[in-house]
Amino acid sequence: MYQESEIFNLVLGVISLIFFAGFGTRRLSIPRSLLIAYGCLLLSYLFTVVEGFIAPDAFNLLEHLAVAVAGVVFAYGCLHISRKQSSEGNGTS
């Protein structure tokens, strides 16, 4: 069975994604890779809720795979931001 905190995390995550997808890419210049990673985390929240109802082993595996993919994509996004800032910093004195 699911827990209320799992549903709350999913709802809060979806609301945050709507905010960041709508405003973040334009005004906050958030790279797309970070939004994709956040989407993977939301998938893991969804899989957590679904595993309480059907196929717990399969959705548990999917949950952990989604978190692993999110970690790799977050690392790529951070590396991208770091390289972008270092290349911009070298041109100015």
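The values are calculated or read from the model by the stated rules, or taken from the named source; none is laboratory data. Remember, it's a predicted structure, so these values are computed and weren't measured experimentally. Heads up, the Cβs are rebuilt from the backbone with ideal geometry, glycines too, and the neighbour counts pull from every protein chain shown.
Among residues belonging to segment 13-71 that are within 20 Å of residue 82 (Cβ to Cβ) and hydroxyl-bearing (Ser, Thr, Tyr), point out the one that is nearest to the chain's Cα centre (by Cα).
Among those residues, the one meeting the criterion is 38.
Under 9 Å between Cβ atoms, at least 6 apart or on separate chains: pull out the pairs that start in segment 1-21 with a residue that is within 16 Å of residue 70 (Cβ to Cβ) and end on any residue that is loosely packed, with under 11 Cβ neighbours inside 10 Å and not small (Gly, Ala, Ser).
Partner pairs satisfying both residue conditions: 20/28.
Need a quick list: helices (runs of 4 or more DSSP H) entirely within the chain having at least 3 residues that are modelled with pLDDT under 90 and surrounded by 15 or more Cβ atoms within 10 Å (Cβ to Cβ). Give the steps one after another, and end with the answer.
Values: elements: 4-19, 32-50, 56-90.
In the chain, 4-19, 32-50 are the helices (runs of 4 or more DSSP H) which contain 3 or more residues that are modelled with pLDDT under 90 and surrounded by 15 or more Cβ atoms within 10 Å (Cβ to Cβ).
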